[in-house]
1. For the residue pair THR134 and GLU35, what label-to-label distance in nm results when each label sits 7 Å from Cα along the Cα-to-beta-carbon direction?
2. At 1.4 Å probe size, with the rest of the protein present, what percent of the exposed accessible area of the chain is carbon and sulfur atoms?
3. Hey, can you find the accessible area per residue of the chain for me, probe 1.4 Å, expressed in square angstrom?
4. Step by step: find N for the chain, compute 2.2 N^0.38 Å, then divide the Cα radius of gyration by it. What's the final number?
5. Pull up all non-local amide H partners of SER24: gap of 5 or more, or a different chain, and H-to-H distance under 5 Å with H placed in the peptide plane.
6. Projecting each Cα onto the charge dipole of the stretch 3-138 (Lys/Arg +1, Asp/Glu -1 at the beta carbon, about the Cα centre), which of GLN58, ALA123, TYR71 comes out farthest on the positive side?
7. GLN75 to PHE2: extension gain in nm, 0.36 nm per residue of separation minus the Cα-Cα distance?
8. In nm, what is the difference between 0.36 nm times the number of residues separating ARG23 and LYS126 and their Cα-Cα distance?
Amino acid sequence: MFAAKGLDEKDMVVLSGAHTIGRSGCSSFSTASIEPVLGNQLNQTCGMPVNAATTVPQDFKSPDALDVQYYRNIQSRDVLFNSDATLVTSARTKRLVDFYAGNRLLFGALFGPAVWYQDFGKAMVKMGYIGVKTDPKEGEIRKKCGYVNPKPNPY
Ligand code: HEM
């Protein structure tokens, strides 16, 4: 799906790092393949049956910080979605996860995390150019990105 939008494997790993912030509804994931300590905590918070209205932080270690903790959470299987956990199931994407997590040294220094901020910025700009509508004939151009435009009052 990323390829269909002109994004490559690296963009996919880089952009997934956005899951270092924000929350998820309890019904958006299964705890089956999550590391058991976190999994049990999530089961407690979400309830059984799952309360669909309850939300949990995506990055339980630093929920509000835009940092590389997400990649460390993948390594310890402390991530919510299959799309997160799956990034270490191929050797090529795992290399990137380990790099951004800061597990690779270059000249004795941890430099992956700093590179992630650069790469994330670039990939966000790249994503921002995908399918940009410039004419209302191409579809609705939202005035506020998170909402469909209000319909004109018919009365
Ligand atoms: C790999 C494909 C992706 C999948 C399958 C995915 C899936 C999800 C899911 C299921 C949620 C929780 C939604 C909810 O329960 O409310 C979520 C939240 C979020 N996603 Fe993704 N996502 C993907 C890629 C991305 C990308 C590329 C970005 C941005 C660069 C992103 C940024 C976010 C953010 C910021 C949240 C938190 C939203 C909030 O706090 O309300 N995700 N994602």
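1. 4.7
2. Numbers: 6050 of 10230 Å².
Heavy-atom surface of the chain belonging to carbon and sulfur, 1.4 Å probe: 59 percent.
3. 66
4. Details: Rg = 18.6 Å, N = 155, 2.2 N^0.38 = 15.0 Å.
For the chain, the normalised Cα radius of gyration is 1.24.
5. HN-HN under 5 Å from SER24: VAL56, GLN58.
6. ALA123
7. On the way: separation 73, 0.36 × 73 = 26.28 nm, distance 2.24 nm.
Full extension of this stretch gives 24.0 nm more.
8. Values: separation 103, 0.36 × 103 = 37.08 nm, distance 2.41 nm.
Roughly 34.7 nm would be gained on extension.
The values are calculated or read from the model by the stated rules, or taken from the named source; none is laboratory data. The structure displayed is predicted, hence computed values, not measured ones. Please note: Cβ atoms are built from the backbone with ideal geometry, for glycine as well, and neighbour counts cover all protein chains shown. Note: accessible area is taken over every heavy atom of the protein model, side chains too, but ligands, DNA and RNA are not part of it. Shrake-Rupley method; radii C 1.70, N 1.55, O 1.52, S 1.80 Å.
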